[in-house]
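Structure, as structure tokens:
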Amino acid sequence: MAAPFRRMASRPLLQLLSCFSRTATRNTGFRQFSSTSLCRATLQTDCVTERASSPWTLMAAVCLQRLPVISADDTPIEQQFRQLMQQMELEKSLFSDHEIGLLEDAERLRRKQSNSYESDEEEDSRNQDIVLTQDLEDSWEQKLKSFEPAPRVRADVDKDLTSVERCLADSLVLLAEQQVGSEKLWLLPHIQWQEGETLRQTAERALASLPAAGFKATFLSNAPCGVYKYKLPKAVRTESSVGTKVFFFRAILSDSGPPAAPNSSFVWLKKSELQQYLKPAYMTKVDRFILDL
């Protein structure tokens, strides 16, 4: 009997406290704050404070890639396989309309040369111009001889590293010469992040900041494909500036713009040529997401 009596006695007290809370809130004119909103505001404040006090400088770089324009040369095994498939197709295929026409012309000539040939068989086609299939082949051969395909290899253009038209059968990557501290290094185009923009917007600004470039690119994602982190030398390192974090974004070249000047501060390189220009640690990070298509 003691437990029910205790619950009955405590119920008016709880009602009194709740009425007092509502009355106090109504009189003061203040809105009650939930614990969720307080936690959210605290987290936002902590994030802003942490970002403002971060000792790392954030940068975004763009890996601009020009895809192959022409097909690559076949390897020896690819050539053997292509010849095998052509031979199988030739053995299993039926006669085409052109081949049937050749057979009909040969049969017509054979009947003309025979003693039993009758001219009345072709009275309907006397007044028509007869074009033999062999004549068509001869005309096609003449057109083929006058056709000159564009060269696949152009030595003068392939040696020009600033030309986006070099090595048309390979995939190329854009490198820019940029100032890092007291020295100039060949790197993927990058620029420092600014307050209020996303990292992708920073990467787009890095590409647009190249002098006299005019490149138009299609970015593949809003998320970075890699990150490279390095610390400043101990002589210039401070508590508020420890180093830099570079976030990479992949993009495909859609319009090359006007031709580059011979003394441009950027080059187009194959993946096998990057190690001649990039530092080993930087090359290790970049090599992970550059595809040699």
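The values are calculated or read from the model by the stated rules, or taken from the named source; none is laboratory data. Keep in mind the model is a prediction, meaning the values are calculated, not measured. Heads up, the Cβs are rebuilt from the backbone with ideal geometry, glycines too, and the neighbour counts pull from every protein chain shown. Remember, those area values only see protein heavy atoms, side chains included, never the ligands or the DNA or RNA. Shrake-Rupley method; radii C 1.70, N 1.55, O 1.52, S 1.80 Å.
Could you please tell me which pairs satisfy a Cβ distance under 6 Å, a separation of 6+ or placement on different chains, a first residue in segment 153-167 that is basic (Lys, Arg), and a second residue that is open to solvent by less than 60 Å² (accessible area, probe 1.4 Å)?
As it stands, the answer is Arg166/Val157; Arg166/Asp158, since those pairs meet every condition given.
For residues in segment 62-98 being assigned to a helix (DSSP H, G or I) and among the basic types (Lys, Arg), which is surrounded by the fewest Cβ atoms within 10 Å (Cβ to Cβ)?
Lys92
Just checking, does segment 282-293 include any residue being on the phi < 0 side of the Ramachandran plot, in a helix (DSSP H, G or I) and surrounded by fewer than 14 Cβ atoms within 10 Å (Cβ to Cβ)?
Yes; the residues of segment 282-293 include at least one that is on the phi < 0 side of the Ramachandran plot, in a helix (DSSP H, G or I) and surrounded by fewer than 14 Cβ atoms within 10 Å (Cβ to Cβ).
Sort out which residues of segment 255-277 are assigned to a strand (DSSP E or B) and at pLDDT 90 or above, and write them in order of number.
Val267, Trp268, Leu269, Lys270
So, Lys279, is that one buried (at least 17 other Cβ atoms within 10 Å of the Cβ) and under 21 Å from Leu161 (Cα atoms) or not?
In short, no.
Find the residue count for segment 134-167, including only residues that are more than 17 Å from Gln276 (Cβ to Cβ), part of a loop (DSSP other than H, G, I, E, B) and either of a type outside the set (Phe, Trp, Tyr) or open to solvent by less than 50 Å² (accessible area, probe 1.4 Å) (or both).
Adding up the residues that qualify gives 10.
Which is among the basic types (Lys, Arg), open to solvent by less than 100 Å² (accessible area, probe 1.4 Å) and either in a helix (DSSP H, G or I) or modelled with pLDDT of 85 or more (or both), of Arg111, Arg51?
The conditions single out Arg111.
With respect to the numbered conditions (1) open to solvent by less than 70 Å² (accessible area, probe 1.4 Å); (2) of a type outside the set (Gly, Ala, Ser); (3) outside any strand (DSSP E or B), which one is the sole condition not fulfilled by Phe248?
(3)
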